[in-house]
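Reading through the structure tokens given below for one structure.
Taken together, the values in this text are just the output of simple stated rules run on the coordinates, not laboratory data. Predicted, not measured: the structure shown is a model, and the values here were computed from it. Positions of Cβ are backbone-derived with ideal geometry, glycine not excepted, and every protein chain shown enters the neighbour counts.
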Amino acid sequence: MTESTTSLSTPTPKGARGAYTRYVAIGDSFTEGMADPDPARANRYVGWADRLAAHLAPMVGDGDGATEAGSTFGYANLAIRGRLLADIAGPQLDNALALAPDLVSIVGGGNDILRPRADIDALAGRLEDAVARLRASGADVLLATPTDPRDAPLIKASRGRAATYTAHIWSIARRHDAHVIDLWGMDALRDWRLWAPDRIHLTPEGHRRVALNAFTALGFTAADSGWAVPLPPAPPISRSEWARANALWAREYVAPWVQRRLHGQSSGDTIAAKRPTVTPLEG
């Protein structure tokens, strides 16, 4: 974190004291919405950020005095799968600021954390500089912790790095009056039925619950208070069935990821942002 960002004064978060009119989401595949297919558009995803926007939009101009008369809600999503924090807190952040948002969600670092040699303190410093820039612009900021990978095959090796990054995120949020989606403490996400077969991305139901978590983190009250309640117990699965499932997962998802890493490729190399400008939600 640079000295210049530590001395910046930050506006008070708007939260539940007023509606947002320009929401911009930046990040990687999580914020792009992967594994939550858009039924209206082929090869495109919905995701928690789109769903959060749908919760925020009706609050604009609802007559409670929270916004000026005639205000409209607009939303942009610049997130692209496979992106590292350097891109999210770099070009994506620059593009987000150019859109003059009053709310920005910045969720990144997950792809970095998967790398055994990741410098978590350096990642946190980069994230904090990004948050400071956003808060200095007048925008509210929404962060998210990683989920706890303790039950995930192979990925659980990154748990220590993820935990350290989570601690940094809470500290950053406190210093800059940012909001945080607590995914680490979201017990419902420990259920694999809320995860896609790749065990990296959420199902539509998982994204729906995270959107409600985010809405609550911003200080609003969700109509559905059951988003944090775990699913009913799943039927038991034998050790051999779990072993076969793990083998299939490694073959279909881990191996291709390793190949891309070896060739310096990313799943998002040919992907563009799905909502590059702030537009009405139905646009």
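Descriptive notes on the structure:
- Ranked for footprinting exposure by Cβ neighbours inside 10 Å, fewest first, 141, 229, 104 give 229, 141, 104.
- J(HN,Hα) series, segment 48-55, from Karplus relation 6.51 cos²θ - 1.76 cosθ + 1.60, nearest Hz, glycine and proline x: 4, 5, 4, 5, 4, 4, 5, 6
- Annotation: the residues 97, 52, sorted from fewest to most other C-beta atoms within 10 Å of their own C-beta, follow the order 97, 52.
- Between residue 282 and residue 203, the contour length at 0.36 nm per residue exceeds the Cα-Cα span by 26.2 nm.
- Structure remark: mean-square fluctuation, Gaussian network model of the chain, C-alpha springs under 10 Å; the largest value among 256, 230, 197 belongs to 256.
- Folded to 0 to 90 degrees: helix 159-176 orientation relative to the chain principal axis, Cα: 10
- Within segment 3-279, the percentage of alpha carbon pairs spaced more than 32 angstrom apart rounds to 22%.
- When you restrict to C-alpha pairs under 8 Å that are six or more residues apart and normalise by the size of the chain, the relative contact order lands at 25 percent.
- Modelled spin labels at residue 40 and residue 174, positioned 7 Å past Cα toward Cβ, are 4.2 nm from each other.
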